[in-house]
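One structure is given here, and the rest of the page talks about it.
The values are calculated or read from the model by the stated rules, or taken from the named source; none is laboratory data. All values derive from a computational prediction rather than experimental measurement. Counting neighbours? That spans all protein chains shown, and the Cβs are built from the backbone with ideal geometry, glycine included.
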Amino acid sequence: MPHRWDHFEDVEDTRSTPDPDRFGGSSVVREIARAAETVGDPPDTSGLTSGEGAADIDLQNMIDMSQRAVTPPQFWTRSNPRGSNYDPKFQFRYRVYIPGMMLEDARKGTYGRDLFADRPDMDGGLLWYAKSVDKPGITLEDPDRNAYYNSSFKVDPKPRVTTPSYKEIQMTLVDPTYPNVTRKIARLFRRGGLNEQQSRDIIKSKGQEPYESFLETIGEIRIYQLDENGRPLEQWTLYGAYPSTVDFGKLDYSSNDLVEISLTWYYTRFQVKFYNMGGETEYTYFANSPTTLVLSKEEKDIVCRRKYENYSRGISDPMSYEDYKKAVCKIVAAAADPPAPTPAPNTGASTEDPAGSSTDADVAPSEDEEVAPGPSQGTDSPLDFEGDIPVIPP
């Protein structure tokens, strides 16, 4: 699609010699153009305000004005020190993919072994009907933002850059008759077990919880920023995403507008890949998952507290935060006793290694160390970042 910068790329720079035909052969412009060809460097008329030098100043001002008038806008194509080979990014150049939106019903026949009787459509998860979509955003908390050393000076900032809050994604979809986007969104919730016993039985037979089936169906959302040739400049990937609100639109006899569906997407984290461009090579930012990061106890406590707030909202008698932290977040107190090791058979061997150091079983964990998961704790990550809060039995 042509854009408003295209017609500037091949414009010749006419600042050296104004073209008299640019304004339809105006006699005034012709006189100015002829003067520009004969006048060299402006005379040294410093300090002159009248007389012979003043006439030269007026003529030079007219020439400068004519040059500015015939020179095209230079904001992007000429002021770029790398040349005019790179365009700005446009809002309309994007694509959105959601794996769960590729499904459609296969009830008239059979497709593979999908227990929900769904099959992939021809679009492969491409939301070509996406009218608008937000990019991710980040908000940082600072516990000392409003703290002061004294009545005049604020304390140094301490932004919690490792535990940000993410902006929810607003998305607007136009609803075609086919593919029926309303039906596609309803299918996501059906595969999550919403108000359908058959779906819940299928989810249970797969050994899943409803929220696990829901998130698994949706998959990872990908948003691409494209260049003028449709090639990707950026790839934003949202993890743990699900629609926290859905508005299926409205109907109105007095309107010819298209039916639009509005969604708000929550997600737990994102990563962004930047492709090769100019002097920069491809690289993916924020690529680590939470389970591969070494988190400090403060970071774990912040995330666990956020999960506890979601859990306790709307519950009349929730468990205490300390109990929740131990049961759900698997954050145990530093003074907790480690699991007792299984006694080894008495073979007469010393419990010390050849170097004389004691075994790991004899060393108590320090306050800064985590207790290794024992047989009763399993091998799961200390913090379950993705998924809803599990139901804790009383």
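Side notes on the structure shown:
- Residue check, Ser244 surrounded by fewer than 15 Cβ atoms within 10 Å (Cβ to Cβ) and assigned to a loop (DSSP other than H, G, I, E, B): no
- Highlighted here are the strands (runs of 3 or more DSSP E) found entirely within the stretch 83-189 that include at least 1 residues which are over 24 Å from the mean Cα position of the chain (by Cα): 103-105, 118-120.
- Qualifying positions in the stretch 268-314 - of a type in the set (A, V, I, L, M, F, W, C), at pLDDT below 80 and over 21 Å from Arg160 (Cβ atoms): none
- Qualifying residue in the stretch 251-261 (condition: within 15 Å of the chain's Cα centre (by Cα), closer than 21 Å to Leu103 by Cα and not acidic (Asp, Glu)): no
- Total residues in the stretch 247-271, condition part of a strand (DSSP E or B) and in contact (Cβ under 8 Å) with a residue 40 or more places away in the chain: 9
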